[in-house]
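Note sheet for the following structure.
Derivation of every value follows stated rules applied to the coordinates shown; laboratory data play no part. Everything numeric in this text was worked out from a predicted model, so none of it was measured. Backbone-built Cβ (ideal geometry, glycine too); neighbour counts: all protein chains shown.
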Amino acid sequence: SMLTGIIMCLDYKAGQALVEDRDFAKYKKAIQNVIEIARRHKIMNPEKMRSSYGKLLFLLQDALHPQVQESLEFPIAGPMHTVYTFLEGRNGLALFENETLLRHATAEIADDKSKSRYEIQQLLKRKQRAREKLIHKSRGRH
């Protein structure tokens, strides 16, 4: 019923049809995308979704039961998508070779009042230069 609810939230008419025919395989990609979004949100915000995420994990565990697998006809959770797997699929792992450049390109620059405006601008410029170098490097490989 939770999977039906997910589809109902995405598309009311599709959810109604799912209640009638119980063909979850039609909505494989949509269900896996919702699960992926929830996983990513929890990874990026560990303090959030404390009770909801636990319920989601129980759902995923229950979905591994052979009878449920037979009914669904697909694995409810697809593989975890990461920057690494994205780049790996596009022969872009070379972007990880220069750790300093990567660290500068992805640095968080917070205005925590301990840095002067000039220092913050310098950090932003360094970040932009690092990003441009990574972009140039990735374009050279394609």
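Please report, to two decimal places, log10 I(q)/I(0) for the chain at q = 0.14 Å⁻¹ as given by the Debye formula with identical point scatterers on the Cα atoms and no solvent. With one equal scatterer per Cα and no solvent, log10 I(q)/I(0) is -0.85.
What's the FRET efficiency of Ala107 with Leu64 using the Cβ-Cβ distance as r and R₀ = 41 Å, to the nearest 0.05? So, using R0 = 41 Å, E works out to roughly 0.55. When you count the other C-beta atoms within 10 angstrom of each residue and take the mean per peptide, 30-39, 82-91 line up highest first as 30-39, 82-91. For Lys127, list the aspartates and glutamates whose Cα falls under 14 Å from its own Cα; do not include residues on the same chain fewer than 8 positions away. Partners within reach: Glu99, Glu108, Glu119. All Cα-Cα separations within the range 5-53 were binned at 10 Å from zero, giving a P(r) of 25, 41, 26, 7, each value a whole percent of the pairs. Bridgeable aspartates and glutamates around Lys13 (alpha carbons under 13 Å apart, same-chain partners fewer than 8 residues away excluded): Asp21. In the range 67-142, the convex hull through the Cα atoms has an average projected area of 8.4 nm², a quarter of its surface area. For Lys113, list the lysines whose Cα falls under 17 Å from its own Cα; do not include residues on the same chain fewer than 8 positions away. Partners found: none.
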